[in-house]
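Chemist: Would you mind keeping the following structure in view while I ask a few things?
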């Protein structure tokens, strides 16, 4: 079984480069399961029903998010429009599972592919240098008691590399993959851990690399040089798609190999 995870889609440039490369990637590498982090797909800050549907139209099975999930308020009604047992598109847009109880939406999804292969996706958010949320380690423990699918991918949206690495080792042998998002910089440490879990600290950004992690350079430089607040705008230059392919055994859920992609125009 082959899983393609597309890193943080940032604004129009990110959506454009994903549209350009994704169909060929899916076809040429015979992708079975496609997961996309979409939290910055709407103007670089947040996700809307429209941008979510755009990514679903490209074949995404599940969309994950992170700390910017609420930046576009219209996503709240979208997430709340379906019940927990639904398999419709709004149910397949996830927010971090370790948000406080009562938060709109759902943090994990379990489904089946057309060939009846069962899979699950868990979205978690880190606590180091991030907003307050529940413990991602114990949240993962709790969710794994409920999930029956053998293939399980975890999107760990976190700032600190140490926290990401720690969760990777903590879940090694219990999930198929732990792939990091949030920092928008792809890391070169993708590998399969001894227990059979694929790991990468950060898949990277699918968006404009002629920027400071997606934002226009001049605006960020002004803030660093003056200390004054500035209105950030999405950049457009040098768009690239960043993604990671995980090949796994569909029966055991164990990862077999990983491969990174960073594709420009």
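The values are calculated or read from the model by the stated rules, or taken from the named source; none is laboratory data. Bear in mind that the values here come from a model prediction, so they are computed numbers and not experimental data. Here the Cβ positions follow ideal geometry from the backbone for every residue, glycine too, while neighbour counts run over all protein chains shown.
Chemist: Tell me, yes or no, whether region 91-98 has at least one residue that is without any contact (Cβ under 8 Å) to a residue 60 or more places away in the chain, out of contact with any strand residue (DSSP E or B) (no Cβ under 6 Å at 6 or more places or on another chain) and surrounded by fewer than 20 Cβ atoms within 10 Å (Cβ to Cβ).
Modeler: Yes, that holds for at least one residue.
Chemist: Only one of these conditions is not met by residue 195: (1) assigned to a loop (DSSP other than H, G, I, E, B); (2) buried (at least 19 other Cβ atoms within 10 Å of the Cβ). Which number is it?
Modeler: (2)
Chemist: Tally time: how many residues in region 220-239 are touching a residue at least 40 places away in the same chain (Cβ under 8 Å) and either touching a helix residue (DSSP H, G or I) at 6+ places or on another chain (Cβ under 6 Å) or under 15 Å from residue 33 (Cβ atoms) (or both)?
Modeler: 4
Chemist: Right, something else. Listed residues 210, 204; which is surrounded by fewer than 18 Cβ atoms within 10 Å (Cβ to Cβ) and part of a loop (DSSP other than H, G, I, E, B)?
Modeler: 210
Chemist: Could I ask something else about it? Among the residues of region 154-174 satisfying the criterion of being touching a helix residue (DSSP H, G or I) at 6+ places or on another chain (Cβ under 7 Å) and assigned to a helix (DSSP H, G or I), which is surrounded by the most Cβ atoms within 10 Å (Cβ to Cβ)?
Modeler: 171
Quick grid of which residues meet (1) touching a strand residue (DSSP E or B) at 6+ places or on another chain (Cβ under 9 Å); (2) at pLDDT below 95:
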position: 17; (1), (2): yes, no
position: 44; (1), (2): yes, yes
position: 48; (1), (2): no, no
position: 52; (1), (2): yes, no
position: 67; (1), (2): yes, no
position: 110; (1), (2): yes, no
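Chemist: All but one of (1) assigned to a helix (DSSP H, G or I); (2) surrounded by fewer than 19 Cβ atoms within 10 Å (Cβ to Cβ); (3) within 17 Å of the chain's Cα centre (by Cα) hold for residue 52, so report the exception by its number.
Modeler: (2)
Chemist: List every residue pair whose Cβ atoms lie under 9 Å apart, where the two residues are 6 or more positions apart in sequence or sit on different chains, the first residue falls within region 1-27 and is at negative phi and free of Cβ contacts under 8 Å to residues at least 60 places away in the same chain, and the second residue, located anywhere, is surrounded by fewer than 22 Cβ atoms within 10 Å (Cβ to Cβ) and in a helix (DSSP H, G or I).
Modeler: Taking only residues 6 or more apart or on different chains, the pairs are 15/54; 19/54.
Residues checked against (1) under 21 Å from the mean Cα position of the chain (by Cα); (2) over 30 Å from residue 148 (Cβ atoms); (3) outside any loop (DSSP other than H, G, I, E, B); (4) at pLDDT 95 or above:
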site: 219; (1), (2), (3), (4): no, yes, yes, no
site: 230; (1), (2), (3), (4): no, yes, no, no
site: 247; (1), (2), (3), (4): yes, no, yes, yes
site: 251; (1), (2), (3), (4): no, no, no, yes
site: 258; (1), (2), (3), (4): yes, no, yes, yes
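Chemist: Quick one: in region 132-147, of everything that is out of contact with any strand residue (DSSP E or B) (no Cβ under 7 Å at 6 or more places or on another chain), modelled with pLDDT of 95 or more and part of a loop (DSSP other than H, G, I, E, B), which residue is surrounded by the most Cβ atoms within 10 Å (Cβ to Cβ)?
Modeler: Applying the filter and picking the extreme gives 134.
Chemist: Here is a further query. Which condition number does residue 263 fail, the rest of (1) closer than 15 Å to residue 8 by Cα; (2) touching a helix residue (DSSP H, G or I) at 6+ places or on another chain (Cβ under 8 Å); (3) crowded, with 19+ Cβ neighbours inside 10 Å being met?
Modeler: Unmet condition: (3).
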